[in-house]
There are 2 protein chains.
Amino acid sequence: MLIFLNGEFLPRSEAKVSVDDRGFVFGDGVYEVIRAVGGRLFTADEHLERMEGGMRALGIQPSEETQRAALLGIARRLLRENGLLDGEATVYVQVTRGAAPRLHQFPPAATRPTVYLSTAPFLPPVEIRGVGAAAITTPDLRWSRCDLKTVNLLPNVLAKQLAVEAGATEAILMRDGVVTEGASTSVFGAMDGRIRTHPASNYILPGITRGVVMELAAALGHRVVQRPLLVEEIRRVDELFITGTTTDVLPIVRLDGRPVGDGRPGPVTLGLQEALAERMRTAALAKPG
Amino acid sequence: MLIFLNGEFLPRSEAKVSVDDRGFVFGDGVYEVIRAVGGRLFTADEHLERMEGGMRALGIQPSEETQRAALLGIARRLLRENGLLDGEATVYVQVTRGAAPRLHQFPPAATRPTVYLSTAPFLPPVEIRGVGAAAITTPDLRWSRCDLKTVNLLPNVLAKQLAVEAGATEAILMRDGVVTEGASTSVFGAMDGRIRTHPASNYILPGITRGVVMELAAALGHRVVQRPLLVEEIRRVDELFITGTTTDVLPIVRLDGRPVGDGRPGPVTLGLQEALAERMRTAALAKPG
């Protein structure tokens, strides 16, 4: 597999960054994961716009390589050269503040950001999407800028590991009595005839798939309310589901070892799952761009 | 300058880690900075014990190279080969969870941690220690496990940058109405005949120099109380100072543009500064070990 690193297309095994890279010593960078279906990038503009916003918020200086058109060109070349124009794939994009002698404050303005892109084949886990998955709840230990998609991901790593150790797929995070989101997904609950999710704020990532799913839900006639599920409410939702770039719409049918609703994927969740799949198929058939 | 990376002593320019290193993509690692005075490591056991505790808390598997004796041997060899046995130097140690395909959860148990050590000459900023430095206050955006010295340092980076942009040396962090610590230092205030500092908890790093300074303060007959300064109290302390491995004891004489106390380093601070310097001189003269 070829990857892209700072201007070069390289075999993955040769792709190395300096020990002085601020990504390595400070986690000082942002990233995105973009889905490709039949060689076409899905919601790439939304992902790259979010990344540009993250870079602005963190004061990471853009370079020619971090321009949207440049990143899209690199992503497409990687998909092509890695034989990923058929079927499904993911594109990983990471931009860090670059390599410089270790001081917490920003390095000199001339420091070029590190730009890294890689691709991988993606096999949608179709089976688990049909039967639903298990999740656990755990305290949200993260910082106060969860709206930024940075590589400071240690709390997410620890939460996901807890889920895996419990035989679950996702860890659902709780802060101050409410459900914020999953370790790497957005969380929705259906109850009382509404679909509830945490509002966009500094405590959640504004998920791209979250946005698409909210739009699809409205189009299907559902009432979507951006008000967080309370910790006590998540035990009595009718349906619970998580969304994400590689998660799509995944029913959560067991939470902390107990069934959610009747323990099977519900009609709201399955309807949204199908609507998202249809949206992605349509996008994949559209003219290349 | 030679550095050490995963079993090899290399020129710094050749020291590179895989783009799959979990330090680079998740900030999934711990680090320490250790002071060397005349070739002797100061409080190295305390630093490495803290790092071992961090690895345990994060579930990073130790390896032969992460054993304390191995790390001390590598650090001493680097100091020697880099000509840093005279004068002052710092040793940087970082251990990450290693390189593995990107999944949030822990990689397979056989994944070896990445071990990186480097050294640098250190020139104590003697002048500013005599006259004192400026600091700003800013909200503490960090996660809930500030007791772990991890490379998820983005909030610290942002806070330090705010300080530098304000012409200050340090950013003092405030959470829930109290002073926690600095972006890369511990914070102490002297008022009402006591020395106050935040208690060891999940909201501060148990600073090694903080511990030494508390011990020295007690020996000098000061009353040290581990109770956080309230946000409103920090405006009316008699003296304010910060401590750290490369900071030693640094008087803060201006806070958010206003003088602290009479705007000059106070006797409590200067006494502790001298006591710490004496402690380090004594340690440097002790038998090598």
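The values are calculated or read from the model by the stated rules, or taken from the named source; none is laboratory data. As the structure is a computational prediction, the values presented were derived from the model and not from experiment. Counting neighbours? That spans all protein chains shown, and the Cβs are built from the backbone with ideal geometry, glycine included. These accessible areas exclude ligands, DNA and RNA; they are computed on the full protein's heavy atoms, side chains included. Shrake-Rupley method; radii C 1.70, N 1.55, O 1.52, S 1.80 Å.
Results, tabulated for the structure shown:
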| item | result |
| --- | --- |
| Neighbourhood charge, 15 Å Cβ-Cβ cut-off, centred on B:Thr111 and excluding it, Lys, Arg +1 and Asp, Glu -1 | -1 |
| R0 of 25 Å, Cβ-Cβ distance A:Leu162-B:Arg80: FRET efficiency to nearest 0.05 | 0.05 |
| Ellipsoid semi-axes in whole angstrom, largest first, where each is sqrt(5λ) of the Cα gyration tensor of segment B:186-270 | 18, 14, 13 |
| Anchor A:Lys160: aspartates and glutamates whose Cα lies under 16 Å away (excluding residues fewer than 8 positions away in-chain) | A:Asp140, A:Glu170, A:Glu181, A:Asp256, B:Asp28 |
| Neighbour net charge for B:Tyr31 - beta-carbon separation under 11 angstrom, K R +1, D E -1 | +2 |
| Residue-by-residue Karplus 3J(HN,Hα) for segment A:108-116, coefficients 6.51, -1.76, 1.60, Hz, glycine and proline x | x, 4, 6, 5, 7, x, 7, 10, 10 |
| Separation of alpha-carbon centers, segment A:157-196 and segment B:225-281, rounded to whole Å | 43 |
| Other-chain or far-sequence residues with amide H under 5 Å of A:Ile3's (modelled H) | A:Leu10, A:Arg12 |
| Helix B:44-58 axis, angle to chain B major axis (alpha carbon atoms, nearest 10°) | 70 |
| Label-point separation, A:Arg235 to A:Asp262 (7 Å along Cα→Cβ), nm | 2.3 |
| B:Asp176-A:Glu215 pseudo-label distance in nm [points 7 Å out on the Cα-to-Cβ vector] | 4.0 |
| Kirkwood hydrodynamic radius (C-alpha pairs) into Stokes-Einstein, segment B:1-49, 4 °C and 1.567 mPa s, D in µm²/s | 99 |
| ³J(HN,Hα), Karplus 6.51/-1.76/1.60, whole Hz, each residue of segment A:15-29, x for Gly, Pro | 8, 9, 10, 4, 5, 8, 5, 5, x, 6, 9, 10, x, 8, x |
| Occluded residues from segment B:145-168, i.e. those whose accessible area drops by 50 Å² or more once the chain is not alone (1.4 Å probe) | B:Asn152, B:Leu154, B:Val157, B:Leu158, B:Gln161 |
| Sites A:Ala70 and A:Arg281, calculated FRET efficiency, Cβ-Cβ separation with R0 30 Å, nearest 0.05 | 0.60 |
| Chain B: calculated mean residue ellipticity at 222 nm from DSSP helix runs of at least 4, using -39500 (n - 2.57) | -9000 deg cm²/dmol |
| Accessible area buried, both sides summed, chains A and B with 1.4 Å probe, Å² | 4100 |
| Shielded residues, segment A:1-50 - accessible-area loss of 30 Å² or more between chain alone and all protein chains, probe 1.4 Å | A:Arg12, A:Ala15, A:Lys16, A:Val17, A:Val19, A:Asp20, A:Phe24, A:Val25, A:Phe26 |
| Nonlocal amide H pairs with A:Ala133, under 5 Å, H built at 1.01 Å | A:Ile252, A:Val253, A:Arg254 |
| Share of carbon and sulfur in the accessible heavy-atom surface of the protein assembly as shown [1.4 Å probe, %] | 54 |
| Dimensionless Rg/Rh of segment A:224-273 - Kirkwood Rh, Rg from C-alpha atoms | 0.95 |
| Cβ charges +1 (Lys, Arg) and -1 (Asp, Glu), total dipole of segment B:15-107, debye | 100 |
| Pairwise FRET efficiency - A:Ala109 versus A:Glu8, Cβ, R0 = 30 Å, nearest 0.05 | 0.80 |
| Local net charge near A:Asp248, Cβ-Cβ under 11 Å (Lys/Arg +1, Asp/Glu -1) | +1 |
| Degrees, to the nearest 10: B:68-81 long Cα axis against longest axis of chain B | 90 |
| Nitroxide proxy distance, nm - points 7 Å out along Cα→Cβ at A:Arg227 and B:Asp192 | 4.3 |
| Average accessible area per residue (Å²) across chain B - probe 1.4 Å, nucleic acids and ligands excluded | 41 |
| Derived scalar couplings ³J(HN,Hα) [segment A:269-274; Karplus, 6.51 cos²θ - 1.76 cosθ + 1.60; whole Hz; x for Gly, Pro] | 4, 5, x, 6, 4, 5 |
